[in-house]
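Heads up: the structure comes next, in structure tokens.
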Amino acid sequence: MTAPAPPLALLAELTHRCPLACPYCSNPVEMVRAAGELPTDAWMRVMTEAAALGCLQVHFSGGEPTVRKDLEGLVAHAAALGLYSNLITSGVLVDAGRLAALAAAGLDHVQVSIQDTETSSAEIIGGLKGAQAKKLAFCRAVRAAGLPLTLNAVVHRRNLDRLGEMIALALDLDAARLEVAHVQYYGWALKNRAALMPTRGQLDTATRLVEAARAELKGRLVIDYVIPDYYASRPKPCMGGWGRRFITVNPAGKVLPCHAAESIPGLGFDRVTDRPLAEIWETGAAFERYRGTGWMPPLCQGCEHKQRDWGGCRCQALALAGDAGATDPACNRSPHHAALVALAGREAAADDAAFTYRRFS
Amino acid sequence: MPALTADSRPALPRHAKLRFDTARDGWVLLGPERVLMLDEIAAAVLRRCDGQATLSAIAGALAEEYRADPAEVTADVTALLQDLADRGMLLP
Ligand code: SF4
Ligand code: SF4
């Protein structure tokens, strides 16, 4: 067997702590507490090993990565290694002084998530009063510091009708890129699916809007947009394929093929404190389990798309088909697809239920 | 956004980084959520995009270096850079 190709990017989940409580947060329901977080020197070593393994980028995420006091040092280390560094943040905790320090440390790019363009709605979704003004001020400070900005709008039934305003906001904030991310329904979002699922009509309008805006704003604003799984006919290549592009390290140092992989029972995860990162990537049981095409069910084995979408998302297969090794039900060839479409229609028509917020239990 | 012309002085935006990738033995252009693997010619073009040199100067230098037809090289360089500009990875 030949060694797998090296990963392109390290997702460094520095912490699960976050002042917000978004009901669609991609963090696991069982979160790591502050006392269980990796220390600075361990993260430094993880980045060194990731760069040696072939990673070109590091995404600092969480939770809210800026709760870590050592972030400047981690950014500087990434810069020294030649890793392209991206800070994925809610933007509510960083003042101009800290931002200047991060920029000076060599930060390459900042991505700020927004919950909505309408303040009251945004703050209901994020669960934090006063967050919106802070976010907008932070975005402007990012541009004033000369750093490139991506605005990340997580969309669902409660805010999708304001997609036009989100595009306008991205332009107003001088972002070079807008990521319109439909909620992915696992982890916390699965608990809130009926409260968040968009309708087919909302989705079609949004898709048309994005297509028009892309043409109009070519060269000015890049818009990344993917049709949500529940309304797609073929699944996305989740993470670009299991164990192919990304290596995720969680706050406690567990190495995951995907940030939601811990939801899959029976998968054992190695820790960066126990084994070298390269060895975990190449031979770790969790990576080997669903890498490539060998694990696939016959439906995918015989399909011409298998090396394009890699069978879709394992976490979603588990959540919807009850088996992480099944064809992703987002695929219209899956025997569970019809039930999925029906479920999306039903939940999209549900009343706007109260959210179950992301909190430490 | 203006189209590239012979007089454009293309440059990489702050969010794009050009570097050699030893693990994959080739040049790459890195951006937010983007990794573009470059062939030898594309890398040679981008290394010259410093905001000073004009597109025609870049194409001229490359035509000389690779002993290729200047008109053809100019067309190829323009197409490559326009594509990158449309994707937000180059300032025309
Ligand atoms: S999704 Fe919301 S709650 Fe989760 S880490 Fe991001 S900002 Fe915090
Ligand atoms: S059958 Fe499997 S490989 Fe084929 S499109 Fe569906 S998920 Fe992808």
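Mind jotting down the distance between the C-alpha centroids of region A:332-361 and region A:137-185, whole Å?
With region A:137-185 and region A:332-361 each reduced to a Cα centre, they are spaced 25 Å.
Once you have the Cα-Cα distance between A:Ala34 and A:Thr207, take 0.36 nm times their residue separation minus that, and quote the gain in nm to one decimal.
Contour length minus Cα-Cα distance gives 58.3 nm.
Check the straight Cα-Cα distances from A:Lys134 and name the lysines below 26 Å, setting aside those fewer than 8 residues away within the same chain.
Within the straight-line cut-off, A:Lys134 pairs with A:Lys69.
List the trypsin sites (Lys or Arg not before Pro) in region A:153-248 that DSSP assigns to loop (not H, G, I, E or B) and whose Cβ has at most 14 other Cβ atoms within 10 Å. Which are they?
A:Arg220
For chain A, modelled as a Gaussian network with Cα springs under 10 Å, which listed residue fluctuates most, A:Val142, A:Val67, A:Val112?
With Cα springs under 10 Å in chain A, the top fluctuation among A:Val142, A:Val67, A:Val112 is at A:Val67.
Amide H of A:Arg17: which non-local residues (sequence gap of 5 or more, or other chain) have their own amide H closer than 5 Å, using H built in the peptide plane?
Residues meeting the criterion, in which the H sits 1.01 Å from N, are A:Glu64.
Applying 1/(1 + (r/R0)^6) with R0 = 45 Å to the Cβ-Cβ distance of A:Val226 and B:Arg67, what FRET efficiency is obtained, to the nearest 0.05?
So, using R0 = 45 Å, E works out to roughly 0.50.
Could you work out which residue, out of A:Val222, A:Val272, A:Val154, moves most in a Gaussian network model of chain A, that is, has the largest mean-square fluctuation with Cα springs under 10 Å?
A:Val222
At a Cα cut-off below 19 Å, give the aspartates and glutamates reachable from A:Lys218, other chains included and same-chain residues fewer than 8 away excluded.
A:Glu165, A:Asp172, A:Asp174, A:Glu179, B:Glu33, B:Asp83, B:Asp86
Comparing A:Ser233, A:Ser61, A:Ser85, which has the greatest mean-square fluctuation in the GNM of chain A with Cα pairs linked when under 10 Å apart?
A:Ser233
From other protein chains only, count the Cβ atoms within 10 Å of every residue's Cβ in B:21-31, then give the mean.
4
With just the Cα atoms defining each centre, how far is region A:1-78 from region B:36-51? Give it in Å.
Answer, in whole Å: 31.
Which length gain, in nm to one decimal place, applies between B:Arg14 and B:Asp83 when the Cα-Cα distance is subtracted from 0.36 nm times their residue separation?
Answer, rounded to one decimal: 23.1 nm.
Taking chain B, which chymotrypsin sites (Phe, Trp or Tyr not before Pro) meet the DSSP loop condition and have no more than 16 other C-beta atoms within 10 Å?
Listed in order of number, the matching sites are B:Tyr66.
Run the quick spin-label model on A:Ala52 and A:Arg359: label points 7 Å from Cα toward the beta carbon, then report their separation in nm to one decimal.
4.4 nm
Filter the trypsin sites (Lys or Arg not before Pro) in region A:1-45 down to the DSSP loop ones having no more than 13 other Cβ atoms within 10 Å, then list what survives.
A:Arg33
Under the 0.36 nm per residue contour assumption, what length would be gained going from the current alpha-carbon distance of A:Ser121 and A:Ala3 to full extension?
37.7 nm
What's the FRET efficiency of A:Ala96 with A:Asp174 using the Cβ-Cβ distance as r and R₀ = 22 Å, to the nearest 0.05?
Efficiency, from the Cβ-Cβ distance: 0.85.
First measure r as the distance between the Cβ atoms of A:Arg45 and A:Asn332, then evaluate 1/(1 + (r/R0)^6) with R0 = 56 Å and state the FRET efficiency to the nearest 0.05.
0.80
Sum -39500 (n - 2.57) across every DSSP H segment of at least 4 residues in the protein assembly as shown, then divide by the residue count to get the 222 nm mean residue ellipticity, nearest 500.
It comes out at -10500 deg cm²/dmol, rounded to the nearest 500.
The numbers here are math on the coordinates, done by the rules we state, and not lab data. No experiment lies behind these values; they were computed from the predicted model shown. Because the Cβ atoms are built from the backbone with ideal geometry, glycine has one as well, and the counts that use them run over all protein chains shown.
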